[in-house]
Each structure stands twice: as C-alpha cells, then as structure tokens.
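The structure under discussion appears below in the form of structure tokens.
The values are calculated or read from the model by the stated rules, or taken from the named source; none is laboratory data. Predicted, not measured: the structure shown is a model, and the values here were computed from it. Note: ideal-geometry Cβ built from the backbone for every residue, glycine included; neighbour counts use all protein chains shown. Calculation scope for accessible area: heavy atoms of the full protein, side chains included, ligands and nucleic acids excluded. Shrake-Rupley method; radii C 1.70, N 1.55, O 1.52, S 1.80 Å.
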Amino acid sequence: MKAQLSTASVISSNMVLQQQKAVPIWGTASPNERIKITFGKQTIKGRADKNGNWQLLLHPMLATQEPQTLVITGETKTIKYDNILIGEVWLASGQSNMEYAMVPYHEFLPPQHGSDLAKLALQEPANNLLLIIKNSSVI
C-alpha cells in the first residue's frame, strides 16, 4: 500500500512554532517510508511506522525575527512550508469577549496629563519580537 507523504492540517506556511520546546511535526506516508525534516540548521530523520504514521521532533529553538522554511522529504515527495517563525504560542479559549480586536476602546479617555502610554505600547511594542496584528482574525 503506497500513501502520499502528508502532514497534519495544523502544520502549514505562516505558522509560529513554540520557542525553547521540542516541536513535533507529524503526518502520514507509506508504511516504513523514510522521512527527513530540514528546518534552519536542523536535519531530523526517521521512518513512518507499519501503518504509515510518522512523527519527528525538532530540537528546542530560540525566538526568531527572520522567517524560515520547513522542508519535509519522503521517498517520492517533498513538502515545503514557508514564512515560519519561532516564538511564543498562546492558546486561549472559553471567554466570549476574546473575539474583540486589540485596539483602543473608544470610550476610554486618554490621560489628562502626559503621554498615552497604552496607545504608544500598541503602536510600537518595547520588544521587537512582538508583532502587532491589526484588523485580522485568528481561525
């Protein structure tokens, strides 16, 4: 039985991988197919099991500002995912107010004296590894 090399649907271009943790990359292929992953300076090799399932772990990495490419190579197919960053990944759920965008709320008044530090923080974060995403949603 031959199966096409594939990855789980959560693995894609434009993703962020968790920094300072081993990161699993997994999918399916032909039974016992050799799999190689190249990402940054890492090359990880392994095999699919007898059912065609495979999982390889990327070694812990530090946060990056430069996008990288993840290349997964099987015996007959290569998959490339572009624009991948390493950083903090936060999952949040359970609150109905989480659907609101991170923009200043128009009913809050700026301070009467001095700079509006909240507004400045949203415009230019102190940490240049933080990305401010405006007018977008997360699926």
Worksheet, complete the sentence: For ALA3, the lone unmet condition from (1) hydrophobic (A, V, I, L, M, F, W, C); (2) part of a loop (DSSP other than H, G, I, E, B); (3) within 28 Å of LEU91 (Cβ to Cβ); (4) more than 15 Å from the chain's Cα centre (by Cα) is (3)
Practice prompt. Quick one: count up the residues across the stretch 32-63 that are open to solvent by 40 Å² or more (accessible area, probe 1.4 Å) and either part of a strand (DSSP E or B) or not small (Gly, Ala, Ser) (or both).
Written response: 17
Worksheet item: Of (1) surrounded by 15 or more Cβ atoms within 10 Å (Cβ to Cβ); (2) without any contact (Cβ under 8 Å) to a residue 40 or more places away in the chain, GLU66 satisfies all except one. Which?
Response: (1)
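Step by step: first the residues of the stretch 14-30, then only those that are open to solvent by 40 Å² or more (accessible area, probe 1.4 Å) and not in a strand (DSSP E or B), then the one that is farthest from HIS59 (Cα to Cα). Which residue is that? If you could, list the steps in order and put the result at the bottom.
In the first step, residues of the stretch 14-30 are kept if they are open to solvent by 40 Å² or more (accessible area, probe 1.4 Å); the result is 14, 16, 18, 20-22, 24, 26, 28.
Okay, now just the ones that are also not in a strand (DSSP E or B), so 14, 20-22.
Values: ASN14: 20, GLN20: 8, LYS21: 7, ALA22: 5 Å.
Result: ASN14.
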